[in-house]
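Novice: Okay, handing you the structure first.
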Amino acid sequence: MPGRVNDLDNARLAGRRLHTELGNELRNARLDRGLRQTDVARSARTSGSHVSRLERGEIDAVAIADLLRHGAVLGLRLRARFYPVGGGLRDEGQLALLRQLRARIGDAFQWQLEAPLNIPGDLRAFDALLTNRRATIAVEAVTRLHDAQAQLRAISLKQRDGRVDRLILAVKASRSNRRALSTAKDLLAMSFPMGTRATLAALSDGEDPGENGLILL
């Protein structure tokens, strides 16, 4: 719980910084165009005081649509995306899947949960990293495949960036997941050529499976 509270506090601080930075950008763009706050307010269909507070980063609950509207008046376009950074709230089903995998392969490996990729500025992490004297193997656990092709590509990209030779994908053996995997069978065969039985056998022996593997549990 303390870690989660710290994450929320950091998010609040980052939100305040972002409000300030965006407000400064809006103010500078307005001044570059020789416009008054009342000019922007009129075009954005809001009040001068609202524009002033927005530029000073004083509106905590500012809507993205509000920023887009103000930016459009000044010839600016806002682009935003979320990036996976590891941590965060985990679904109990995902943790159960990792526990189930650990129970199946025994004590052949040491386990590290939430193992960072160790790339400066990249906060992504593997769900688990298995290590022994013979191998280092990353594990990603998925309880629900909502877009199998996109998820498989993202997982493969994480393997490339994390520079691990082997990646095991543990997937909950639900009917919907089996259907989703069948729609991505070409990508699956290329990226995860080893199946459940062979992958589990190798891991149970403490061995590198030799190829990326998919395990249905």
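Novice: For the chain, what is the calculated [θ] at 222 nm in deg cm²/dmol (nearest 500), taking -39500 (n - 2.57) for each run of four or more DSSP H residues and dividing by its residue count?
Specialist: Estimated from H runs of four or more residues: -16000 deg cm²/dmol.
Novice: Extension gain Ala201-Ala189, at 0.36 nm per residue separation less the Cα-Cα distance, in nm?
Specialist: Working: separation 12, 0.36 × 12 = 4.32 nm, distance 1.90 nm.
That pair, Ala201 and Ala189, stretches by 2.4 nm at full extension.
Novice: What full-extension length gain, to one decimal in nm, is calculated for Leu18 and Glu92 as 0.36 nm per residue of separation minus the Cα-Cα distance? Intermediate values should be presented prior to the final figure.
Specialist: Values: separation 74, 0.36 × 74 = 26.64 nm, distance 3.19 nm.
Here the answer is 23.4 nm.
Novice: Ok, one more. How high is the relative contact order of segment 64-217, given as a whole-number percent (alpha carbon pairs under 8 Å, six or more residues apart)?
Specialist: Relative CO of segment 64-217 lands at 22 percent.
Novice: Based on the alpha-carbon gyration tensor of segment 92-216 and its eigenvalue square roots a ≥ b ≥ c, which shape applies: rounded if a/c is under 1.5, prolate if not and a/b is larger than b/c, or oblate?
Specialist: rounded
Novice: Now for a different question. What is the ratio of the Cα radius of gyration of the chain to 2.2 N^0.38 Å, where N is its residue count, to two decimals?
Specialist: After normalising by residue count via 2.2 N^0.38 Å, the value is 1.39.
Novice: Quick check on segment 2-73: what does the Kirkwood estimate of hydrodynamic radius come out to from the alpha carbon pairs, in Å? Mind showing how you got there, number by number?
Specialist: Working: mean 1/r = 0.0778 Å⁻¹.
The Cα-based Kirkwood calculation yields 12.9 Å.
Novice: Ok, one more. Running a GNM on the chain with Cα contacts under 10 Å, which residue among Asp32, Asp205, Asp165 ends up with the highest mean-square fluctuation?
Specialist: In the Gaussian network model the winner is Asp32.
Novice: Enter the angle in degrees (range 0 to 90, nearest 10) between the Cα long axis of helix 64-73 and the first principal axis of the Cα atoms of the chain, meaning the one along which they spread out most.
Specialist: Relative to the chain, helix 64-73 is tipped by roughly 50 degrees.
Novice: Taking 7 Å along the Cα-to-C-beta vector as the label spot, tell me the Arg175-Glu25 distance in nanometres, rounded to one decimal.
Specialist: 4.7
Novice: Next question. Against the longest principal axis of the chain, how steep is helix 2-32, in degrees 0 to 90 to the nearest 10, with axes from Cα atoms?
Specialist: Here the helix axis deviates by roughly 40 degrees.
Novice: Would you calculate the separation in nanometres between label points at Asp66 and Asn10, each defined as 7 Å from the Cα along the Cα-to-beta-carbon direction?
Specialist: Distance between label points: 2.7 nm.
Novice: Full extension from Ala108 to Ile59: what is 0.36 nm times the residue separation minus their Cα-Cα distance, to one decimal in nm?
Specialist: 12.3 nm
Novice: Set the Förster radius R0 to 45 Å, insert the Cβ-Cβ distance between Asp147 and Asp208 as r into 1/(1 + (r/R0)^6), and round the FRET efficiency to 0.05.
Specialist: 0.95
Every read-out reported here was derived from the displayed coordinates using simple, explicitly stated rules and does not represent laboratory data. For clarity, every value in this text was computed on a predicted model and none was experimentally measured. Because the Cβ atoms are built from the backbone with ideal geometry, glycine has one as well, and the counts that use them run over all protein chains shown.
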